[in-house]
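The values are calculated or read from the model by the stated rules, or taken from the named source; none is laboratory data. Note that the coordinates shown come from a computational prediction; the quantities given were computed from them, not determined experimentally. Reconstructed Cβ throughout: ideal geometry from the backbone, glycine too, with neighbour counts over all protein chains shown. Quick note on the areas: whole protein, heavy atoms, side chains included, nothing else; ligands and nucleic acids left out. Shrake-Rupley method; radii C 1.70, N 1.55, O 1.52, S 1.80 Å.
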Amino acid sequence: MSVVNFMAEEISLHEHLGTLKRKELAVLIYSFSQLAIDIRRELPHKLRGGAHQKNKYGEIRKELDEWTNKFLIEQLGNTKLVNKVYSEELSEPVVLNSNAPFFISLDPLDGSSNIETNNPFGTIMGIYENDLPIIGTKIVAAAYILYGPITTLVYRAGGGTHEFVKHRKGNEDYYLINENMKLPEPGRVFGIGGNPLDWDGKFLKFAKDLFRKHKLKVRYCGAFVGDFSQILHQGGFFSYPASLSLPGGKLRLFFEAQPMSYLIEGAGGAASNGRERILEIDSTCVDDTTPLYMGNKKIVKELEDVLEE
Ligand code: AFP
């Protein structure tokens, strides 16, 4: 991984995106980064918002979920680059501009159950040139924002996976901190969602081996973006597995798994549903969920072998 000292050699997101051949893609990702700055500003005012109705997955929506969803869709419409938006929060897609080049999958506030406890959460966006549902290998770009103690943005648009930080007061740009990221080998941490008593025996044994054999330490924050960031920086394994009560997993294929799998592959990692690469799942329903196993290639391969036995 090439680590850039941003004090000595500042490369802004704007400059970095300027190297993309597809200028419209650069504008869309940059607009997304700017919307996240507005979202971040709103967080203190809406943190205590009460629960409203349920989303299509039966989960309670927070005030901030609703606001972020509405804000992002309206503002993405203003870019005139987005044809249709599919959001985790909406039952139906929203057509913004039927002549525009991009189709978007959006998880407006990933990890919103962390709002109350003031733990990290984020926003995930997948960018496509074709309407959804579509096989993940056709994804054109993906980006996420992590609203942690600092705001970071990770994007990939065909090449490597890069990380930026919004670090200067009064300056509305982000600056490169990690270019062409590579998952460290061997990995150091793992996080697994769900209830071990609800896991298949083979997966439970595999999880114990992450301690016993691979000597990984547990890190789980309950927001995919936060857990993903730990694996991206420290290497290891993240999973929200198939379980007895949720054989199809919990995480959403198009809103969470596909964009993040594209990002981890860009950093030399792998992502699987236990049998096949996430990016090769041929789904016909945009609301599908999937078991998800991602991280260092060797560990993901080992997991697939264990589940196949
Ligand atoms: P919410 O957005 O409803 O909090 O769900 C977040 C999420 O989809 C993903 O970000 C986490 O990895 C996972 O769910 C956490 O689930 P648990 O609360 O069951 O650990």
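Values as computed for the structure displayed
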read-out	value
Some residue of the range 128-137 being away from the ligand (no atom under 16 Å from the Cβ), closer than 25 Å to residue 220 by Cβ, of a type outside the set (D, E, K, R) and under 19 Å from the mean Cα position of the chain (by Cα)	yes
Criterion violated by residue 245 - all others in (1) part of a helix (DSSP H, G or I); (2) without any contact (Cβ under 8 Å) to a residue 60 or more places away in the chain; (3) within 14 Å of the ligand (Cβ to nearest atom); (4) open to solvent by 10 Å² or more (accessible area, probe 1.4 Å) satisfied	(1)
Matching residues, the range 248-257, being away from the ligand (no atom under 11 Å from the Cβ) and outside any helix (DSSP H, G or I)	248
Verdict on residue 145 being within 14 Å of the ligand (Cβ to nearest atom) and in contact (Cβ under 8 Å) with a residue 12 or more places away in the chain	yes
Flag if residue 268 is open to solvent by less than 10 Å² (accessible area, probe 1.4 Å) and either among the basic types (Lys, Arg) or in a loop (DSSP other than H, G, I, E, B) (or both)	no
Residue, least open to solvent (accessible area, probe 1.4 Å), within the range 233-242, restricted to residues that are within 15 Å of the ligand (Cβ to nearest atom) and more than 15 Å from residue 297 (Cβ to Cβ)	241
Count - residues of the range 167-225 that are polar (S, T, N, Q), in a loop (DSSP other than H, G, I, E, B) and under 21 Å from residue 147 (Cα atoms)	1
Filter pass, residue 276 being under 13 Å from residue 135 (Cα atoms) and without any contact (Cβ under 8 Å) to a residue 40 or more places away in the chain	yes
Failed item in (1) open to solvent by 40 Å² or more (accessible area, probe 1.4 Å); (2) more than 14 Å from the ligand (Cβ to nearest atom); (3) touching a Leu at 6+ places or on another chain (Cβ under 9 Å), with residue 208 passing the rest	(3)
Members of the range 100-127 that are among the hydrophobic types (A, V, I, L, M, F, W, C), under 15 Å from residue 32 (Cα atoms) and within 16 Å of the ligand (Cβ to nearest atom)	106, 109, 124, 125
Pairs where the first residue, in the range 76-104, is surrounded by fewer than 19 Cβ atoms within 10 Å (Cβ to Cβ) and the second is assigned to a loop (DSSP other than H, G, I, E, B) and at pLDDT below 95, C-beta under 8 Å, 6+ apart	90/56; 91/56
Residue that is acidic (Asp, Glu) and at pLDDT 95 or above, where the choices are 24, 63	24
Subset of the range 77-112 [within 19 Å of residue 42 (Cβ to Cβ), out of contact with any Asp or Glu (no Cβ under 8 Å at 6 or more places or on another chain) and either modelled with pLDDT under 95 or part of a loop (DSSP other than H, G, I, E, B) (or both)]	111
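Condition check ((1) open to solvent by 10 Å² or more (accessible area, probe 1.4 Å); (2) out of contact with any helix residue (DSSP H, G or I) (no Cβ under 8 Å at 6 or more places or on another chain); (3) more than 16 Å from the ligand (Cβ to nearest atom)) across all residues:
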{"site": "177", "(1), (2), (3)": "yes, yes, yes"}
{"site": "182", "(1), (2), (3)": "yes, yes, yes"}
{"site": "230", "(1), (2), (3)": "yes, yes, no"}
{"site": "263", "(1), (2), (3)": "no, no, no"}
{"site": "282", "(1), (2), (3)": "yes, yes, yes"}
